[in-house]
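Remarks on the structure that follows.
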Amino acid sequence: MDPIHRHICETTILSEYDIVKKDIHENGDIVCQYIGTFTQNILISFVSLLENYMNESIASHVIQKRLTYLVVETIQNIIHHSYKHPDNSQLAYIIISKNKIGYTINTSNAIETIIAPNLIDKVEYLLKTKKTRLPELFRKKIANPEINDNGLGNLGLLTIVSKSDKNFNYKISTMTSKYSLFHIEINLNYK
Amino acid sequence: MKNINQTQQQDTPEVIFDNEKKILKISGNSYPENCEIIYEPINIFLNEYNLNKNHKLNFEFRFNLINSTSTVYLAQIIMKIAQLNSEGLIVTILWYYDEFDEELLDLGEKLSSISNLPFTFTPVRD
């Protein structure tokens, strides 16, 4: 990514990060957030932070568990699929927030625009699939378990959409001619 | 027969084989950066398991948090166990899960269903 593209992308992500936080403050509170480069150590720290928070949360244990699963999958989605600079750095964020209805996970990361159509196809397919059919789809995938060349199971998106009960919104917006912003919002109701 | 022993870390499970009791135990979190490091030794262990000398093998799964890629690796292991079972190995599979973790119970039920292996499900209270 050349310096001009990098500047535009980082400005866009920072701007969106501020807008999302401002929206949250109007209706709820931030539980935890991170912006920067995502690594496995960041994921471990984030999960630990979330679990400590959950010990004091009044949400049901079932919802707490589901939220933790979703956070693991969304962060690993950023680690494995977000655009990274040659030095492995990136600018992406995750914000976990809560309001009267439930928890919300917001994530944003840069992707190469060239992969956007394939990503849209995958997400739209999952969103068009009936909620009751998603567990069966998952079952079929693990009945023929395949690992890709990068050592991944390719079940992250299906897991996220399924565990969120399809309370999953996404947006892919162009930042520059080569790079787009992939934004996910997941809502998890307390009940 | 090779032994197998991996210590638990925050994102990786403990894997222990008790040769005397013939129990393979996997417990803890499983959301590593590289699942192959955790699950490939188990695959190798199963591939090298000598059915002529050992007729029984027991499994205890006690996961806390498991990510989707670990699930795929685990499914491969379960299918391998099903294959050994069809070749004459007697297996028992105990699946422990947090009583509030519907996802983990559901995963165990799916793994049992795809492999046609009976799992014994036991909820655990913290």
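The values are calculated or read from the model by the stated rules, or taken from the named source; none is laboratory data. Note that the structure is predicted; figures quoted are calculated from it, not measured. Neighbour counts run over all protein chains shown; Cβ positions are idealised from the backbone, glycine included.
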task: Restricting attention to the stretch A:92-102, report how many residues are closer than 17 Å to residue A:183 by Cβ and either aromatic (Phe, Trp, Tyr) or modelled with pLDDT under 95 (or both).
output: 1
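Listed here are the residues, each with its yes/no results for (1) surrounded by fewer than 16 Cβ atoms within 10 Å (Cβ to Cβ); (2) modelled with pLDDT under 95; (3) among the β-branched types (Val, Ile, Thr).
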{"position": "B:33", "(1), (2), (3)": "no, yes, no"}
{"position": "B:47", "(1), (2), (3)": "yes, yes, no"}
{"position": "B:50", "(1), (2), (3)": "yes, yes, no"}
{"position": "B:79", "(1), (2), (3)": "no, no, no"}
task: Would you check if there is a residue in the stretch A:50-58 being within 11 Å of chain B (Cβ to nearest Cβ), free of Cβ contacts under 8 Å to residues at least 12 places away in the same chain and within 28 Å of residue A:180 (Cα to Cα)?
output: no
task: Looking for whichever is away from chain B (no Cβ under 14 Å) and either surrounded by 16 or more Cβ atoms within 10 Å (Cβ to Cβ) or at pLDDT 95 or above (or both) here; the options are A:74, A:12. Which one fits?
output: A:12
- request: Could you tell me which of the residues A:156, A:151 is within 11 Å of chain B (Cβ to nearest Cβ) and farther than 22 Å from residue B:104 by Cα?
  value: A:151
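Just one of A:171, A:131, A:98 is away from chain B (no Cβ under 14 Å), without any contact (Cβ under 8 Å) to a residue 40 or more places away in the chain and under 20 Å from residue A:75 (Cα atoms); which is it?
Numbers: A:131 fails: under 20 Å from residue A:75 (Cα atoms); A:98 fails: without any contact (Cβ under 8 Å) to a residue 40 or more places away in the chain.
When all the criteria are applied, what remains is A:171.
Residues checked against (1) over 29 Å from residue A:163 (Cβ atoms); (2) of a type outside the set (A, V, I, L, M):
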{"position": "B:4", "(1), (2)": "yes, no"}
{"position": "B:9", "(1), (2)": "no, yes"}
{"position": "B:23", "(1), (2)": "yes, no"}
{"position": "B:26", "(1), (2)": "no, no"}
{"position": "B:36", "(1), (2)": "no, yes"}
{"position": "B:64", "(1), (2)": "no, yes"}
message: Being under 12 Å from the mean Cα position of the chain (by Cα) and modelled with pLDDT under 95 is true for just one of B:19, B:43, B:3. Which residue is that?
response: B:43
message: Looking at A:99, A:52, A:144, A:118 in this structure, which one is loosely packed, with under 13 Cβ neighbours inside 10 Å and touching a helix residue (DSSP H, G or I) at 6+ places or on another chain (Cβ under 9 Å)?
response: A:144
message: Please go through the stretch B:14-54 and give me each residue that is touching a strand residue (DSSP E or B) at 6+ places or on another chain (Cβ under 6 Å) and away from every other protein chain (no Cβ under 14 Å), ordered by number.
response: B:14, B:15, B:16, B:17, B:22, B:23, B:24, B:25, B:26, B:27
field: Index of the failed condition, residue A:88 passing every other in (1) away from chain B (no Cβ under 14 Å); (2) farther than 30 Å from residue B:102 by Cβ; (3) of a type outside the set (Phe, Trp, Tyr)
entry: (1)
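Checking the condition crowded, with 16+ Cβ neighbours inside 10 Å and in contact with an Asp or Glu (Cβ under 6 Å, 6 or more places away or on another chain), which residue from B:70, B:27, B:115 passes?
Values: B:70 fails: in contact with an Asp or Glu (Cβ under 6 Å, 6 or more places away or on another chain); B:115 fails: in contact with an Asp or Glu (Cβ under 6 Å, 6 or more places away or on another chain).
From the options B:70, B:27, B:115, the qualifying one is B:27.
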task: Any chance you could count how many residues in the stretch B:84-104 are closer than 20 Å to residue A:153 by Cβ and more than 11 Å from every other protein chain (Cβ to nearest Cβ)?
output: 1
message: I need every pair where a residue in the stretch B:112-126 that is on the phi > 0 side of the Ramachandran plot has its Cβ under 9 Å from the Cβ of a residue that is surrounded by 13 or more Cβ atoms within 10 Å (Cβ to Cβ), sequence separation at least 6 or different chains.
response: B:116/B:82; B:116/B:85
